[in-house]
Amino acid sequence: MNIQPTYSSLDYPGKMALVLFTPGCNLRCKYCHNPQLLKNQQLTRWDIEEIEEEVESNMDFIDAIVLSGGEPLLHVDDIKNFIKQAKDNDLLVKLDTNGLHPDETREIIRDLDYVAMDIKAPLDKYYKISDVYPSNTRELITETINLIMDSDVYLECRTTYVPGLLEPKDVAELTRDLNCNRYTLQQFRNRVTLDSSLSNYEEPNPEFLREILENIETKIPEIRLKSRQFGNQLIKRN
Ligand code: SF4
């Protein structure tokens, strides 16, 4: 099967979810911890039927489905099947996306409850993170954010902090005018990475990350830190 289904109580805050990891992505983040998913493969009728059966047989056990990857919006026509099944059964739907697909987001937004969008770096500095990225990254991500914030869908933006790729001033810059409901800074983990040289990079100290967040100036209502040592912590509310 080209989709990896996993059960998790962490991917949709406060809910038990079936997480569907779809293949393919149009970025190549050096720290990507799902490099096995980056090969773009079509979803088959068989994939879709298997997932529909998985959802059906675990309906009583889950509150939500999470569309993750990879980049799920590369398969927007296929994931509409999962979204319809979830909505028909009163399940919540969360989308994890890199934010580079506003047109596809628009196609499904009315059925989404929660979007977690990666903001990899300041929008004109994606070269720090990925060797490939669209030349109009800023426009695409801004359009996606505006679309979500004009809807009733909850938007969390999140950044993985890799020392050596990002600096504290990058976090300050990218959060300054960011419009979202919640922002999470994620601690880089060096166990599995697309660029194997990153396995030599140290995982940043949570106290260092907390200090970065305490010093940012932003109007985002909720600021959080996610680390191996302390889990998902609220740092401040604005
Ligand atoms: S956007 Fe996500 S799935 Fe795509 S390369 Fe980056 S980390 Fe990996």
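FYI, it's all coordinate maths here, none of it is from the lab. None of these values were measured; they are calculated from a predicted model. In this analysis, Cβ positions are derived from the backbone assuming ideal geometry, glycine residues included, and neighbour counts consider all displayed protein chains.
What to note about this one:
- Electrostatic tally near D111: other residues with Cβ closer than 10 Å to its Cβ, Lys and Arg +1, Asp and Glu -1, net +2.
- Set of lysines near K120 by C-alpha distance (under 23 Å), chain-local residues within fewer than 8 positions excluded: K30, K39, K94, K128, K169, K219, K226, K236
- When the GluC sites (Glu not before Pro) in the stretch 178-238 are filtered for DSSP coil states and for at most 16 other beta-carbon atoms within 10 Å of their beta-carbon, the remaining sites are E202, E217.
- Rounded Å value of the spacing that divides the Cα centres of the stretch 98-119 and the stretch 1-29: 15 Å
- For the stretch 52-57, Karplus couplings with θ = phi - 60° (6.51, -1.76, 1.60), whole Hz, Gly/Pro x: 4, 5, 4, 5, 4, 7
- Using θ = phi - 60° in the Karplus curve 6.51 cos²θ - 1.76 cosθ + 1.60, the 3J(HN,Hα) couplings for the stretch 192-201 round to 10, 9, 4, 8, 5, 5, 6, 5, 8, 7 Hz; x is entered for Gly and Pro.
- Per-residue [θ]222 nm for the chain (sum of -39500 (n - 2.57) over DSSP H runs n ≥ 4, rounded to 500): -8000 deg cm²/dmol
- The stretch 89-205: C-alpha gyration tensor shape, a/c 1.5 cut-off, then a/b vs b/c: prolate
- As a ratio to 2.2 N^0.38 Å, the alpha-carbon radius of gyration for the chain is 0.98.
- Percent antiparallel among DSSP beta bridges (both partners in the chain, rounded to 5): 30 percent
- Helix 76-88 axis versus longest C-alpha principal axis of the chain: approximately 70°, rounded to the nearest ten.
- Local electrostatic count, R237, Cβ distance below 14 Å [Lys/Arg +1, Asp/Glu -1]: +2
- Per-selection metrics, the stretch 34-157 (Cα): Rg and Dmax in Å: 15.1, 45
- The loop-placed trypsin sites (Lys or Arg not before Pro) in the stretch 30-79, going by DSSP, that have at most 13 neighbouring Cβ atoms within 10 Å of their Cβ come out as K39.
- Annotation for the stretch 38-77 versus the stretch 137-173: alpha-carbon center distance of 25 Å.
- Dividing the mean sequence gap of close Cα pairs (under 8 Å, 6+ apart) by how many residues the chain holds gives a relative contact order of 17 percent.
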